[in-house]
Amino acid sequence: MATTPDITDPDDTASPVDETPVAQSGVTTRAPLWVLALTAVAAIAVGLVALALLGGESLPSRGGLPVEKLVVERTVLRPSEIDVTVRNVGVDPVRIAQVFINDTFVDVSGATDPIKRLSTATVRLTYPWQDGQPYIVSLLTSSGVVVEHSIPAAVATPSSSGTLRLMALLGTYVGIVPIALGMLVLPLLRRSGPVVVRMLLALTVGLLAFLAVDGGIEAIEQGQLSGRAFGGPALVVLGAGLAFLVLTAIDGVLQRRRQRADPSRPGGLRLAVMIAVGIGLHNLGEGLAIGSAYAVGELALGAFLVIGFALHNTTEGIAIVAPLATQRPSLLQLAALGLLAGAPAIPGAVLGATVVNTELSALLLGIGVGAIAQVIVQITPALRPSSGQKLGPETIGAITAGVLVMYLTGLLVAA
């Protein structure tokens, strides 16, 4: 049998040996990605520091008068005394020279040093104010700038010891109890057909849409009232965006866990949890508004306030149990959903009564708006019937009814 002669080119045998070190050397000499990232960040940081140190020295100094801007963040009224907390939102330090109340010079103590940018200071004014009377506090800076703050009706600031207990009780009345009452319709939902359940989900969308719009308007108003030291209305957008993204990530995690456990299991409980979280974040901002209004004497406590919030928030309990019409959650799960949605009103009210800060209010209200928007996105696919892609007239009517219910019950809220 003839054999094939061994015709081998010496270069062919050497080429694999010669190329392997080249390929390996190319991999080993290349820096890891994290090293390149750290190098880039370090180079940018060094460049920014050098620009700040050297660039500022090369520019001429600013001329003209100092830019002084103060905003009043809080007033505390005690017998014959008014404490005014101010924040410097300008670029230059500010020194308070004199203070007038209704064009009358008053004795001032505190805030003797210049107030630096974004810093706060409290001045104590000795003045025999009268309950229910309006006052205008005028702060005169050392450069002659006048900052005015209006007190529409002077009311003694409540003591902190009684405020915490009262706000906890009020948060329970307007948050937990109404939502628990609304969740009592779950047995009725279980006997309803798919059309009724779809209409209730559409009603939920209307309720949440009104909450989002109403919370957004209130958040923007709070941001405009602030001195914009930390962004003002921009905090509303920041809070809404962060809440939307975080809840989207949480929903993805819950959905993956449910599919790993039982892919055929309906996701009603997951949707109910998302609705409860969205409403809970909204009630956190709502409680903050209640506490802030009480702290400045603009909240009228009484049965009318409790009944108004109860009617307004009972519909939120219906929205939570609407996705559970085809399931049988345990009492522990229902209690957890109710607390998740209603309990945030308590820390919100306490925080609002003790820390009056309009920019914090704007941020928390914005978070509530973003959370509700994400929940609406989750519910919307369930509104379409299986036979078609368009919303039916009954679904549109239920969405409209949800908006009208929230609007009409909102008129009963005096806060």
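The values are calculated or read from the model by the stated rules, or taken from the named source; none is laboratory data. Given the structure is predicted, the values throughout are model-derived calculations rather than measurements. Counting neighbours? That spans all protein chains shown, and the Cβs are built from the backbone with ideal geometry, glycine included. The accessibility values were calculated without ligands, DNA or RNA, using every heavy atom of the protein model including side chains. Shrake-Rupley method; radii C 1.70, N 1.55, O 1.52, S 1.80 Å.
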- Is there any pair linking a residue in the stretch 163-177 that is farther than 19 Å from Leu281 by Cα to one that is part of a helix (DSSP H, G or I) and modelled with pLDDT of 85 or more, with Cβ under 6 Å and at least six apart or on different chains, and which? Leu164/Val350
- Note on the structure: When restricted to Asp83, Asp107, the only residue surrounded by 11 or more Cβ atoms within 10 Å (Cβ to Cβ) and charged (D, E, K, R) is Asp83
- Item | Residue satisfying condition, being assigned to a loop (DSSP other than H, G, I, E, B) and either open to solvent by less than 60 Å² (accessible area, probe 1.4 Å) or out of contact with any Lys or Arg (no Cβ under 6 Å at 6 or more places or on another chain) (or both), within set Ser143, Ser138 | Ser143
- Can you name every residue in the stretch 153-180 that is open to solvent by 60 Å² or more (accessible area, probe 1.4 Å) and at pLDDT 85 or above? Leu169, Tyr173, Val177
- Task: Give the residue, chosen from Pro10, Pro32, that is farther than 30 Å from Ser150 by Cβ, open to solvent by 50 Å² or more (accessible area, probe 1.4 Å), modelled with pLDDT of 75 or more and not charged (D, E, K, R).
- Result: Pro32
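Can we say Pro93 is farther than 23 Å from Gly352 by Cβ, surrounded by fewer than 17 Cβ atoms within 10 Å (Cβ to Cβ) and at pLDDT 80 or above?
Values: farther than 23 Å from Gly352 by Cβ: yes; surrounded by fewer than 17 Cβ atoms within 10 Å (Cβ to Cβ): yes; at pLDDT 80 or above: yes.
It is true that Pro93 is farther than 23 Å from Gly352 by Cβ, surrounded by fewer than 17 Cβ atoms within 10 Å (Cβ to Cβ) and at pLDDT 80 or above.
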- Query: Only one of these conditions is not met by Gly352: (1) part of a helix (DSSP H, G or I); (2) within 22 Å of Leu207 (Cβ to Cβ); (3) not β-branched (Val, Ile, Thr). Which number is it?
  - Reply: (2)
- Message: Looking at Leu404, Leu391, Leu383 in this structure, which one is of a type outside the set (S, T, N, Q), open to solvent by 60 Å² or more (accessible area, probe 1.4 Å) and either modelled with pLDDT under 85 or touching a strand residue (DSSP E or B) at 6+ places or on another chain (Cβ under 7 Å) (or both)?
- Response: Leu391
- Note on the structure: Filtering the stretch 48-69 down to residues that are of a type outside the set (Asp, Glu) and either modelled with pLDDT of 90 or more or in a loop (DSSP other than H, G, I, E, B) (or both) yields Leu59, Pro60, Ser61, Arg62, Gly63, Gly64, Leu65, Pro66, Val67, Lys69
- From the residues in the stretch 306-337 that are among the polar types (S, T, N, Q) and open to solvent by 10 Å² or more (accessible area, probe 1.4 Å), which one is farthest from Tyr407 (Cα to Cα)? Ser330
- Query: Would you call Ala243 modelled with pLDDT of 85 or more, closer than 23 Å to Leu363 by Cβ, in a helix (DSSP H, G or I) and not polar (S, T, N, Q)?
  - Reply: yes
- Only unsatisfied item for Trp129, checking (1) among the hydrophobic types (A, V, I, L, M, F, W, C); (2) within 11 Å of Val86 (Cα to Cα); (3) open to solvent by less than 40 Å² (accessible area, probe 1.4 Å), is (2)
- Failed item, numbered, when Ile44 is tested on (1) open to solvent by 100 Å² or more (accessible area, probe 1.4 Å); (2) assigned to a loop (DSSP other than H, G, I, E, B): (2)
